[in-house]
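Everything below concerns the one structure shown next.
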């Protein structure tokens, strides 16, 4: 029997959940948090000591939710990572199995196991661990591992996967895209325990959005739609130099971007002595980051069916803008009502990234 989390929801959302295989019906509130290339988490509050006694750190949580039909975005499997007991209300946080990749034993990735292989399948093999379902990872990327990518050595599975995805960009040079368009591959468990790799091609001239939101929509709540055009990640002149010999280097500059926004430079040490390779990398860096980042945060009622990677059209008359961008982060809070906070376009900079840019 599913729990109706709140009797006053306009659309009664039924939650079916187990902890360590036993039915668990004691939710008071429930919040999902997800971001590309990271583990998804749920934080929930419960009332009473009896419910708290049936939880344990390391306990296995399974959740399904829906209104007659399953909402796959709310299907979750993971382990309880923290418990915070309270006098009347206690809270717990569970994280999906992507977290096991970050805390895995260290693996020695050897050249003969890595070089010459498709990056997609290297990441898929690394993600095949501790209960993660990788059976859907069959697409391939066509991007091949080379010695200068730094993919060998001793590291956790997530460190390896993040290094691989650092090189996984899909490039377009056709009439349906702006010249030299680059769109990143992303990964996450978006439902249950199934790992997904995907490209959200928002640069396509005929990109189709899942839905459209605007400032006038009745379901917009809180601060509504907040747009940001940010230069923090911009690079319009890049120099790549050999880590073996700094006299071997190559610089690529986009003069139009430099003239319009001013110089935004970056230098990178790379394990190659080929000036051709260094120039190729410098050009890729500039072409990916020569424009300011456009992002939106949106607060809305419901929206629990919107997932990572979905394309959303945003109309903001006050900014005279209309953009189609992918969802890169969300928070879905379920209590007396359901609210969703979306981040579109680019994930916020971490504190470490801000410090690095300031330096």
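General observations
- Long-range neighbours under 8 Å by Cβ, at least six apart or interchain, first residue within 11 Å of residue 34 (Cα to Cα) within region 306-329, second assigned to a helix (DSSP H, G or I): 307/72; 307/73
- Selection from region 288-303 of residues that are out of contact with any strand residue (DSSP E or B) (no Cβ under 6 Å at 6 or more places or on another chain) and under 29 Å from residue 246 (Cβ atoms): 289, 290
- Condition met for residue 335 (within 30 Å of residue 73 (Cβ to Cβ) and either assigned by TED's automatic domain parsing to the domain that holds residue 149 or in contact with a helix residue (DSSP H, G or I) (Cβ under 6 Å, 6 or more places away or on another chain) (or both)): no
- The single residue among 154, 119, 101 that is in contact with a helix residue (DSSP H, G or I) (Cβ under 7 Å, 6 or more places away or on another chain), farther than 23 Å from residue 273 by Cα and at pLDDT 95 or above turns out to be 101.
- With respect to the stated conditions, residue 41 fails to be closer than 19 Å to residue 192 by Cα, touching a residue at least 12 places away in the same chain (Cβ under 8 Å) and out of contact with any strand residue (DSSP E or B) (no Cβ under 9 Å at 6 or more places or on another chain).
- Residue 130 being without any contact (Cβ under 8 Å) to a residue 60 or more places away in the chain and under 25 Å from residue 116 (Cα atoms): no
- Residue in region 44-51 that is assigned by TED's automatic domain parsing to the domain that holds residue 14 and closer than 25 Å to residue 342 by Cα present: yes
- Test result for residue 121, part of a loop (DSSP other than H, G, I, E, B) and free of Cβ contacts under 8 Å to residues at least 60 places away in the same chain: no
The rows are residues; the columns are (1) crowded, with 17+ Cβ neighbours inside 10 Å; (2) within 14 Å of residue 340 (Cβ to Cβ).
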{"site": "272", "(1), (2)": "yes, no"}
{"site": "280", "(1), (2)": "no, no"}
{"site": "283", "(1), (2)": "yes, no"}
{"site": "287", "(1), (2)": "yes, no"}
{"site": "290", "(1), (2)": "yes, no"}
{"site": "297", "(1), (2)": "yes, yes"}
{"site": "300", "(1), (2)": "yes, yes"}
{"site": "307", "(1), (2)": "yes, yes"}
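- Strands (runs of 3 or more DSSP E) (entirely within region 174-223) containing at least 1 residues that are at pLDDT below 90 and under 15 Å from residue 327 (Cβ atoms): 181-191
- Residue 64 vs. criteria in contact (Cβ under 8 Å) with a residue 24 or more places away in the chain, closer than 14 Å to residue 98 by Cβ and surrounded by fewer than 21 Cβ atoms within 10 Å (Cβ to Cβ): no
The values are calculated or read from the model by the stated rules, or taken from the named source; none is laboratory data. Fair warning: this is a prediction, and the values are worked out from it, not measured in the lab. Don't worry about glycine lacking a Cβ; one is built from the backbone with ideal geometry, like all the others, and counts go over all protein chains shown.
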